[in-house]
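Structure record follows, encoded as structure tokens.
Derivation of every value follows stated rules applied to the coordinates shown; laboratory data play no part. The model shown is predicted, which means the values in this text are computed figures rather than measured ones. No Cβ is skipped: glycine too gets one built from the backbone with ideal geometry, and neighbour counts run over all protein chains shown.
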Amino acid sequence: MEEAQRIFDYLPVSPPDQEYISFLWETFESNYKNDKFQFAFIAFHMLFMCFVYYQIAKIYKIDPINVKILWFLPEKCKIMLKTTKIK
């Protein structure tokens, strides 16, 4: 459980959605203590995804054009695959 708290080292000190993050942590903690690890995992995964999105938002502030390019890259790859003929 103590190891899991390290996630807060990577989240903003005062995130704009603190209530949501607190809810996820409480859900994780409750399920973990009650041996409902599959549900604890989901809540922890959501905390991790908060970290990922905060990082993307920080990068977007610095370089919005390249973030937009990366964000739509999978769609461009699909289009390229459809239009490219493989011999």
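Structural remarks
- Label-point separation in nm, Lys58 to Phe37, each point 7 Å along Cα→Cβ: 3.1
- Near Tyr54: Cβ cut-off under 15 Å, other residues only, Lys/Arg at +1 and Asp/Glu at -1. The net charge is 0.
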